[in-house]
Amino acid sequence: MEGSSRLSAHLTNTALQAQHGEENVRLLQELVGSRLFSASSQNVETARLTQGDVDFIIDEVAASLGEVFRACLTSPVHFQTLPNTFELFGVDLLVTYNPAINDRPFQVHLLELNAEPAIHLTGPRLEWILEELFNEISHTCVMPFFCTSPLRQESKGSLRLCLDTQVRGGGAW
C-alpha cells in the first residue's frame, strides 16, 4: 500500500487529481517560456519551451493521431465506432524531452484513447475552448452532411486534419 500511494503522484489523469481543481490544466500555448526539465539536460536553467517547440509538438501529435486512426481502420475488430454518428475521442499523450536528440528532442507518446473524454474537468477558466471545439466540429464535420450552401465560419479554425481517407460509402470522410 505504501508503495502504491507514492506512485500516485506520477499519475497524470486529471480525474485522479480532483483536489487540485483546474490549477494543473493548461493549454500548450500557455507553456511557452516554461522551463524544460530533463535528466540528461546540462543547462537546465536556460532550456525553455519555445513557440517552435510547440509547433513541432503539434505536428508530431497530428502525425501520431493520423497513424493511430489509420491503424484502427485496418483492425475494425478492435476499434468499433458507432454507425451514423459523430464521435469525440479524448487522447492522453505524454511528451518527453531529451536534449541529447538534437533533431527531435521532443517525443510524443500515446497513452490512451478515450471514447468518453472527461471534458468537464477542463474547468471554467477554459470553458471557451470547449465551446470553440463544439462549434468547429459542428461547422466542419457535421453541417457539410446536411447543408449544400457554403457555411459562414464563426470559429477561429483551430481544428487540424490528421487523416483524410474515405471510410464508408460516398460522403464519409
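Could you work out how much longer the chain between Cys162 and Asp103 gets when fully extended? Use 0.36 nm per residue separation minus the Cα distance between them, nm to one decimal.
19.0 nm
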Task: Added length on full extension, which subtracts the Cα-Cα distance from 0.36 nm per residue, Phe79 to Leu110 - done: 9.6 nm
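Bear in mind these aren't lab numbers, they're just calculated from the coordinates by the rules spelled out. For clarity, every value in this text was computed on a predicted model and none was experimentally measured.
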